[in-house]
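*Asks:* My structure is below; once you've seen it, I'll send some questions.
The values are calculated or read from the model by the stated rules, or taken from the named source; none is laboratory data. The model shown is predicted, which means the values in this text are computed figures rather than measured ones. Counting neighbours? That spans all protein chains shown, and the Cβs are built from the backbone with ideal geometry, glycine included. Heads up: the accessible areas ignore ligands, DNA and RNA and are worked out on the full protein's heavy atoms, side chains in. Shrake-Rupley method; radii C 1.70, N 1.55, O 1.52, S 1.80 Å.
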Amino acid sequence: MAPVTVAIIFGGKSAEHEISIISAKSIAANINADRYRVIPIYITHDGEWLLDGIARDILNFDLATLLRSSSLDAAGKTLRRMTKESGQHPFDRNFTATGIDVAFLVLHGSYGEDGRIQGFLDTCAIPYTGCGVLASAVTMDKALTKLCVADAGIAVAPGITLLSIDYLADPESFHARIDREFEYPLFIKPANLGSSVGISKVHNPAELPLALKTACTLDTKILVEKAIKGREIEVAVLGNAQPEVSVCGEIEPGSDFYDYEDKYIHNSAKTFIPARIPSVLQEKVRALALRAYKALGCRGMSRIDFFVDEESKSIILNEVNTIPGFTDISMYPKLMEASGVPFPELATRLLELAMNGSTPCNPGCEQRS
């Protein structure tokens, strides 16, 4: 039987471009070469699609090491130089002529995780890993996610949503409102970015203007949220009609909170699998993760993050990530491996879910109807 041709689509126009490349490299290394033929498709910072050739060179490039020894700006310049010097013509997006059977989506953030690429591939009749258009669009927007899961009876952090255009037109009134309605510390978050890009922990009123301006440069919608006390607990969910929930994992940030640099540059955070919370709380977290997954209409995969306070027993949903990281430090593959699904099997399972719609439950994971 001829191998199935998998297009790994990575890069993209979002602020998470470089992390997408690192995730794609890990995925490519774990796809079964006997069953699948991999064709990399790299989308540049400017949105140009490149098939194989330079795309494979960038996929194999050790970007993680460069990021840890240099800067994000320098890494971006290196990628742009490599692309320009290749002189390669853009891909015409003719998936049928290229023989592509399925797409493994590794586009973190805007234009990749928000339903746009999913809708395009649906139009092209190309199956793809992960959630569909609606779930991708809703979960990409942190404000809409909170509304949906709250309607399903899941607790979320108290907060308000601002439009960037309104804030920039009258910042002082918003500063006064936030000072009136919130206690410090609090969080300022762009509504539609992942990997903690643009998120600020604000400790006092003096830090508020810069945090809001920074978020406004990255998104049109901004969240202001109460800082929640508790352990940062993450759960991986895998599946379509009968999703499986992994064991709980825990992140202990190496800095004030689990920000972009802590995740991908300094690598100073500590992870604990299973999480250091009582088994009763772990089961409640897993049940809530499953409820959120179904309420949001997710399929394929998602990583669902919570804050858990052992003293009050409160469980607060933080966010849902439908194309989670697959780097060597990412929690999603680690959580699935701890639940009996090693990375190579996980890659196969995700491709099977994309093409066939279901996979059997694996020992170590919980399956519920």
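*Asks:* How many residues, within region 1-40, are among the charged types (D, E, K, R), under 19 Å from the mean Cα position of the chain (by Cα) and closer than 13 Å to Val102 by Cα?
*Replies:* Looking only at that region, the number is 0.
*Asks:* Looking only at region 274-299, count every residue that is part of a loop (DSSP other than H, G, I, E, B) and either more than 19 Å from the chain's Cα centre (by Cα) or surrounded by fewer than 15 Cβ atoms within 10 Å (Cβ to Cβ) (or both) and tell me the total.
*Replies:* Number satisfying all stated conditions: 5.
*Asks:* All but one of (1) at pLDDT below 70; (2) more than 30 Å from Asp151 (Cα to Cα) hold for Ala269, so report the exception by its number.
*Replies:* Tallying (1) at pLDDT below 70; (2) more than 30 Å from Asp151 (Cα to Cα), Ala269 fails exactly one: (1).
*Asks:* May I ask you to list the residues in region 79-94 that are crowded, with 20+ Cβ neighbours inside 10 Å and out of contact with any helix residue (DSSP H, G or I) (no Cβ under 7 Å at 6 or more places or on another chain)?
*Replies:* The answer is Phe91, and nothing else.
*Asks:* Arg116 versus (1) free of Cβ contacts under 8 Å to residues at least 12 places away in the same chain; (2) over 22 Å from Leu50 (Cβ atoms): which is the lone unmet condition?
*Replies:* The number of the failed condition is (2).
*Asks:* Does Leu66 count as touching a residue at least 12 places away in the same chain (Cβ under 8 Å), farther than 26 Å from Leu353 by Cα and either open to solvent by less than 20 Å² (accessible area, probe 1.4 Å) or not aromatic (Phe, Trp, Tyr) (or both)?
*Replies:* Criteria met by Leu66.
*Asks:* Looking only at region 94-115, which residues are within 15 Å of the chain's Cα centre (by Cα) and on the phi < 0 side of the Ramachandran plot?
*Replies:* Answer for region 94-115, where residues must be within 15 Å of the chain's Cα centre (by Cα) and on the phi < 0 side of the Ramachandran plot: Phe104, Leu105, Val106, Leu107, His108, Ser110, Gly112, Glu113, Asp114.
*Asks:* Looking only at region 47-59, count how many residues are open to solvent by 30 Å² or more (accessible area, probe 1.4 Å) and either at pLDDT below 95 or under 16 Å from Ala103 (Cα atoms) (or both).
*Replies:* Result for region 47-59: 3.
*Asks:* Please state which of the following conditions Lys13 fails to meet, knowing it meets all the rest: (1) buried (at least 20 other Cβ atoms within 10 Å of the Cβ); (2) within 24 Å of Asn192 (Cβ to Cβ).
*Replies:* (1)
*Asks:* Do you know which residues across region 114-154 are outside any helix (DSSP H, G or I) and surrounded by fewer than 24 Cβ atoms within 10 Å (Cβ to Cβ)?
*Replies:* Selection gives Asp114, Gly115, Cys124, Ala125, Ile126, Pro127, Tyr128, Gly132, Asp141, Ala152, Gly153, Ile154.
*Asks:* Determine which single condition Tyr111 fails, assuming it passes every other condition in (1) modelled with pLDDT of 95 or more; (2) surrounded by fewer than 20 Cβ atoms within 10 Å (Cβ to Cβ).
*Replies:* Of (1) modelled with pLDDT of 95 or more; (2) surrounded by fewer than 20 Cβ atoms within 10 Å (Cβ to Cβ), only one is false for Tyr111: (1).
*Asks:* Against the definition (in a loop (DSSP other than H, G, I, E, B) and open to solvent by less than 20 Å² (accessible area, probe 1.4 Å)), how does Leu212 come out, yes or no?
*Replies:* It is false that Leu212 is in a loop (DSSP other than H, G, I, E, B) and open to solvent by less than 20 Å² (accessible area, probe 1.4 Å).
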